[in-house]
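In what follows, a structure is listed as structure tokens, so that the remarks can point back to it.
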Amino acid sequence: MSMSIRNQKRFHETTRKVWAQLFGIFMRKAREKSCLPLEATALLAGMSTSEWLAIEAGDIPDPAQLDCMSAALGMNPGQMGVAVRICRGAWED
């Protein structure tokens, strides 16, 4: 039984990571579309370049960062909302 619980936990962690990586791809594509350099985008979002790159690589951003990220990319809140809803599994515990 403990093996099953451990496997479920590992499956959940893997699934969460996949959703986070998909969100990171969305953010990278949006940044590239904005034509702003990475450093400028991160600065506009109030983040360091390494923080932004970590999110693009699959780190899960704090929900409080999403509005600043969307503004830096020139996205309206609805556009960010779509990305978050698609990748909502990244934030689920």
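The values are calculated or read from the model by the stated rules, or taken from the named source; none is laboratory data. Since the model is a prediction, treat every value here as computed from it, not as a measurement. Please note: Cβ atoms are built from the backbone with ideal geometry, for glycine as well, and neighbour counts cover all protein chains shown. Each accessible area value is taken on the protein alone, full model and side chains, heavy atoms only, with ligands, DNA and RNA left out. Shrake-Rupley method; radii C 1.70, N 1.55, O 1.52, S 1.80 Å.
Over the chain, with every protein chain in place, what whole percent of the accessible area is carbon and sulfur at 1.4 Å, could you tell me?
Here carbon and sulfur together make up 60 percent of the probe-accessible area.
Please compute the per residue accessible area over the chain with all protein chains in place, 1.4 Å probe, rounded to a whole number of Å².
With all protein chains present, the chain gives 64 Å² per residue.
Using only Cα atoms, tell me the angle between helix 77-86 and the longest principal axis of the chain; keep it within 0 to 90° and round to the nearest 10.
Helix 77-86 and the main axis of the chain meet at about 20 degrees.
If the cut-off is 19 Å between C-alpha atoms, which lysines fall inside it for Lys17, apart from same-chain ones fewer than 8 positions away?
Correct list for Lys17: Lys9, Lys29.
Radius of gyration and Dmax for the range 30-69's Cα atoms, expressed in Å?
So, for the range 30-69, Rg and Dmax equal 9.4, 24 Å respectively.
Give me the angle, in degrees from 0 to 90, between the Cα long axis of helix 2-34 and the longest principal axis of the Cα atoms of the chain, rounded to the nearest 10.
10
What FRET efficiency do you get for Ala54 and Gln8 if R0 is 30 Å and r is their Cβ-Cβ distance, rounded to the nearest 0.05?
E(calc), rounded to 0.05, equals 0.65.
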